[in-house]
Amino acid sequence: MLIRHVRARRARAGSVGALIAFACLVVTFAAQAQEIEPRQYSNVPVGVNFLVSGYSHTDGGLAFDSSLPLTDPQLETNSGVLGYARALDFWGRSGKIDAGVAYTGLSGSAKYLGGPVERTVDGFSDPVVRLSVNLFGAPSLDAKNFASYKPDLIVGAALQVSVPAGQYDETRLVNIGTNRWFFRPSLGISKAAGPWIMEATAAATFFTDNTEFFNGNRRSQDPMYGIQGHLIRGFKSGIWGAVDVTYFWGGSTTINGEAKNDLQRNWRVGATFAAPINARQSIKLVATDGVSARTGNSYTQFGAYWQYRWGGGI
């Protein structure tokens with residue numbers, strides 16, 4: 001009896017560990033409207049903490065600010081990223097708070113008003129903070145009760161804020177920071193069907209003005225709207241993979257009140273793979289690419305991340 005009891009406890013612990021690995025929280029590192037993020041509203045036990053570190057590479061357009069007035073961008077970034085998240089209880093509903101920042105090296109060239117622009121710089125990106133809550137279908141659970149939880153239909157909402165604290169030089173057109181705040185409310189829905197999960201998220205990004213844009217100009221930007229969809233396949237081992245697509249539009253800018261012809265209508269696709277190393281650690285690989293971009297700001301991105309979990313009874 002004692003042996004069976006110990007084995008049962010180990011099986012339950014393994015099950016919880018696999019489910020937590022399957023839920024693998026994602027921390028957003030870069031302040032970009034065209035990000036692709038599966039499993040944003042996954043449920044995890046209350047009190048679990050996540051530490052995420054990794055590497056991200058982009059090539060082509062500028063991921064930090066897709067509306068900069070650049071043409072023929074040949075820009076490359078290499079970023080070391082760090083983030084933290086914690087699962088919370090919102091009056092019986094599950095949620096989380098997360099924050100992330102990247103240290104980035106940027107180099108390359110582009111054209112501005114027909115003339116060449118070159119830039120080599122490194123520094124911190126604008127940090128981002130987000131609060132998320134699952135409004136339906138993902139109750140707040142401790143690790144013991146989470147072991148028997150089965151996801152079905154989940155509806156969630158979030159608010160993300162970007163803080164203008166990154167590297168910025170008003171005498172240069174290309175920077176790592178954006179020197180402005182943004183606020184991004186979003187609403188998402190997730191539906192599980194056996195080992196498959198289908199997700200859709202809609203978001204709007206609102207920008208404050210950059211009053212020190214390129215030699216003291218004032219730059220304003222209309223809201224950017226985006227939708228993204230994900231088809232996710234999970235396995236009992238905790239491994240999961242996803243194919244992803246996003247479309248974003250809007251974001252026209254004005255400089256000193258003069259409107260620019262830079263309305264965005266851009267498509268991106270991607271793939272995500274995540275796997276547990278053990279009950280506390282997992283890895284995630286991400287690849288995304290631009291399909292079409294009205295303003296010529298498409299880029300390719302690759303990322304590899306390591307995640308460590310603790311607390312919450314795991």
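Only one of the numbered conditions (1) β-branched (Val, Ile, Thr); (2) at pLDDT 95 or above; (3) surrounded by 15 or more Cβ atoms within 10 Å (Cβ to Cβ) is violated by Thr120, and that is (3). Checking each residue in segment 230-268 for being crowded, with 16+ Cβ neighbours inside 10 Å, of a type in the set (Gly, Ala, Ser) and assigned to a strand (DSSP E or B) picks out Gly234, Gly241, Ala242, Gly250. Restricting attention to segment 294-313 and to residues that are at pLDDT below 75 and surrounded by fewer than 19 Cβ atoms within 10 Å (Cβ to Cβ), the residue that is farthest from Asp72 (Cα to Cα) turns out to be Arg294. Being surrounded by 20 or more Cβ atoms within 10 Å (Cβ to Cβ), more than 27 Å from Tyr103 (Cα to Cα) and either among the aliphatic types (A, V, I, L, M) or modelled with pLDDT under 95 (or both) is not true of Ile189. Ala165: exposed (fewer than 14 other Cβ atoms within 10 Å of the Cβ) and either touching a Pro at 6+ places or on another chain (Cβ under 9 Å) or closer than 23 Å to Ala63 by Cβ (or both), yes or no? In short, yes.
Against the condition of a type outside the set (A, V, I, L, M, F, W, C) and surrounded by fewer than 14 Cβ atoms within 10 Å (Cβ to Cβ), how does Glu212 come out, does it pass? So Glu212 does not fit the description; no. Inside segment 175-205, can you point out the residues that are assigned to a loop (DSSP other than H, G, I, E, B) and among the hydroxyl-bearing types (Ser, Thr, Tyr)? Matches in segment 175-205: Thr178 only.
Close Cβ contacts (under 8 Å, 6 or more residues apart or on different chains) running from residues in segment 170-183 that are among the charged types (D, E, K, R) to residues that are part of a loop (DSSP other than H, G, I, E, B) and surrounded by 21 or more Cβ atoms within 10 Å (Cβ to Cβ) comprise Glu170/Asn179. Among the residues of segment 241-286, the one identified as over 19 Å from Thr201 (Cα atoms) and of a type in the set (Phe, Trp, Tyr) is Phe273. Of the residues making up segment 192-224, just one is under 16 Å from Ala157 (Cβ atoms) and among the aromatic types (Phe, Trp, Tyr), namely Phe206.
The values are calculated or read from the model by the stated rules, or taken from the named source; none is laboratory data. All figures in this text were calculated on a predicted structure; none of them were measured in a lab. Positions of Cβ are generated from backbone atoms using ideal geometry, with glycine treated the same way; all protein chains shown enter the neighbour counts.
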